[in-house]
Amino acid sequence: MAAPPDAEVFPALSLELLPTDPLLLILSFLDYRDLVSCCYLNQRLNQLSSHDPLWKRHCKKYWLISEEEKNRRNQSWKAIFTSTYSDLGRYIHYYATLKKAWDDLEKYLGQWCPRMISSLKESAREEDLDAVEAQIRCKLPDDYRCSFRIHNGQKLVVPGLMGSMALSNHYRSEDLLDIDTAAGGFQQRLGLKQCLPLTFCIHTGLSQYMALESVEGRNKYEIFYQCPDQTARKPSAIVMFITGTSYLEWFTSYVNKVVTGAYPIIRDQIFRYVHDKKCVATTEDITVSVSTSFLPELSSVHPPHYFFTYRIRIEMSKDAFPEKACQLESRYWRITNAKGDVDEVQGPGVVGEFPVISPGRFYEYTSCTTFSTTSGYMEGYYTFHCLYKDRFFNVTIPRFHMVCPTFKVSTA
């Protein structure tokens, strides 16, 4: 049907007629893939898609390129994105997360553990990672490869990047293995078949492994500590304490605990004690707080023997009067396992010492306990004696729980 004679006729809408600024605004919402696709539609979109400010967002989002880095490289945003993508494109979904984790970790270590910085290795090359895959005849996950394109682990030194633990007669410090050392420890034996070591402790020989295939009851890319089944006759019978479901989750969660202060720095080392913020009790001017850690290398599932260590801080308020100074005389513990069985322990001092606490001062010590169940808790009190008056009083130790991580038995 023909249009009425007085109807206004509009020309067909085309990209050539649309103004530039609205088109650029629309393109600014596109992801890099769609932006590249626009280059092939027509000449106008090809020109607009090459508008350099459009690529600034993608450079910052995916490669964490700053203005300073751009100026140093003296390249356009699009050139930087393209060249980086040609090198690291397969890792585009992991790179920003892992690069930020590494940057945050290095910044934190520079402030608190500066000598650990020098143990970090430069990035691995793509061909190095390919060579390892050919050597072990197994594919490495892209998040693992991406992390090692940033830092190729660390040298075998003490302290290790992946945390320490120390008791009176036991010391552990885990290094993050470089790719060649990890490949040398790749396992094909029953119980640990197709497992790659991620960490290693020089003192205990303890490693955390990553499963590169779903075999022997493991999920692909699961990370775990191995624990021998002492009741089995076959050495392939092991139990796995799970520490991560993927390399990305495992590494970034560890870094987050480090840089947020959840893991304390003690003697220039990262100690893997976990503190529950609710696990604090104040009596008069004295505050007691507790952090705990599970030690897989001293534990077993068969027979059931779960080893935990705890670190206690006893601190007197700086606002307390000087005459409040006191000395710890004795301790009382009530220890309860998951079955409800209770043990009571009472004795003089703590770890053979009788510390004096005064305003603004604190005392810390570590001790340990074991359970025949996968979890349990402790609570109790310290008895103090005032130094300037003949008075004894009890200070509450808050209840703190200890829980074994998830574990599974190998089906080898």
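The values are calculated or read from the model by the stated rules, or taken from the named source; none is laboratory data. For clarity, every value in this text was computed on a predicted model and none was experimentally measured. Note: ideal-geometry Cβ built from the backbone for every residue, glycine included; neighbour counts use all protein chains shown. Just so you know, the surface numbers come from the protein's heavy atoms only, side chains and all, with ligands and any DNA or RNA stripped out. Shrake-Rupley method; radii C 1.70, N 1.55, O 1.52, S 1.80 Å.
Extension gain, Arg189 to Glu284, is 28.4 nm, computed as 0.36 nm per intervening residue step minus the present C-alpha separation.
For the stretch 290-412, which whole percent of the accessible surface, found with a 1.4 angstrom probe, sits on carbon and sulfur atoms?
Values: 2990 of 6100 Å².
Carbon and sulfur atoms account for 49 percent of the accessible area of the stretch 290-412.
Once both labels are positioned 7 Å from their Cα atoms along Cα-to-Cβ, the gap between Val342 and His305 label points is 2.8 nm. The loop-placed chymotrypsin sites (Phe, Trp or Tyr not before Pro) in the stretch 371-412, going by DSSP, that have at most 16 neighbouring Cβ atoms within 10 Å of their Cβ come out as Tyr388. Our compactness index for the stretch 191-266, the C-alpha radius of gyration over the empirical 2.2 N^0.38 Å, is 1.23. Taking the C-alpha atoms only, the angle from helix 247-259 to the longest principal axis of the chain is near 60 degrees.
Across the stretch 17-91 the C-alpha pair distances fall into 10 Å bins from zero in the proportions 19, 51, 26, 4 percent. Taking a quarter of the surface of the Cα convex hull of the chain gives a mean projected area of 33.5 nm². Loop-located GluC sites (Glu not before Pro) in the stretch 184-265 (DSSP state not H, G, I, E or B) with no more than 14 neighbouring Cβ atoms inside 10 Å: Glu213. Helices in the chain, meaning DSSP H runs of at least 4 residues, each add -39500 (n - 2.57). Divided by all residues, the mean residue ellipticity at 222 nm is -8000 deg cm²/dmol.
Roughly how many Å² is the accessible area per residue of the chain, as a whole number, for a 1.4 Å probe?
Numbers: 21070 Å² over 412 residues.
Counting only protein heavy atoms, the per-residue value for the chain is 51 Å².
An ellipsoid equivalent to the stretch 95-260, defined through the eigenvalues of its Cα gyration tensor, has semi-axes of 25, 20, 14 Å when rounded to whole angstrom and sorted largest first. Counting every C-alpha pair in the stretch 111-158, the share spaced more than 13 angstrom apart comes to 61%. Ranking Tyr306, Ile357, Trp112 by how far each Cα lies toward the positive end of the dipole of the chain (charges on Cβ) leaves Tyr306 at the top. I'd like the orientation of helix 53-63 relative to the chain: the angle between its Cα long axis and the longest Cα principal axis, in ° from 0 to 90, rounded to 10. That helix lies at roughly 30 degrees to the long axis. Compactness of the stretch 273-404, taken as the C-alpha radius of gyration over 2.2 N^0.38 Å, stands at 1.12. Against the main long axis of the alpha-carbon atoms of the chain, helix 95-112 sits at an angle near 40°.
In terms of the mean number of neighbouring beta-carbon atoms within 10 Å, the peptides 235-241, 35-41, 48-54 order highest first as 235-241, 48-54, 35-41. In summary, the lysines within cross-link reach of Lys220, defined as a Cα separation below 23 angstrom excluding same-chain residues under 8 places away, comprise Lys139, Lys193, Lys408.
Which of the listed residues, Pro264, Leu192, Met162, is farthest toward the dipole's positive end in the chain, when Lys, Arg count +1 and Asp, Glu count -1 at the beta-carbon? Farthest towards the positive end: Leu192.
Applying a DSSP loop filter and a limit of 16 other Cβ atoms within 10 Å to the trypsin sites (Lys or Arg not before Pro) in the stretch 252-305 leaves Arg267. When only the Cβ of Lys, Arg, Asp and Glu is charged (+1, +1, -1, -1), the dipole of the chain relative to its Cα centre reaches about 640 debye. Projected label points at Lys100 and Ser317, each 7 Å from Cα along the beta carbon direction, are separated by 3.9 nanometres.
Per q in 0.10 Å⁻¹, report the Debye log10 I(q)/I(0) for the stretch 34-152, using one uniform scatterer on each alpha carbon and no solvent. Reported log10 I(q)/I(0), two decimals: -0.41.
Can you work out the FRET efficiency for the pair Leu24 and Asn46, with r the C-beta to C-beta distance and R0 = 22 Å, to the nearest 0.05? Before the final figure, lay out each step's value.
Details: r = 14 Å, r/R0 = 0.61.
Plugging the Cβ-Cβ distance into 1/(1 + (r/R0)^6) gives 0.95.
How far apart, in nm, are the 7 Å Cα→Cβ label points at His170 and Cys39? According to this spin-label approximation, the distance is 5.8 nm.
The stretch between Glu213 and Trp112 holds 32.6 nm of extra length on full extension. This uses 0.36 nm per residue minus the Cα-Cα distance.
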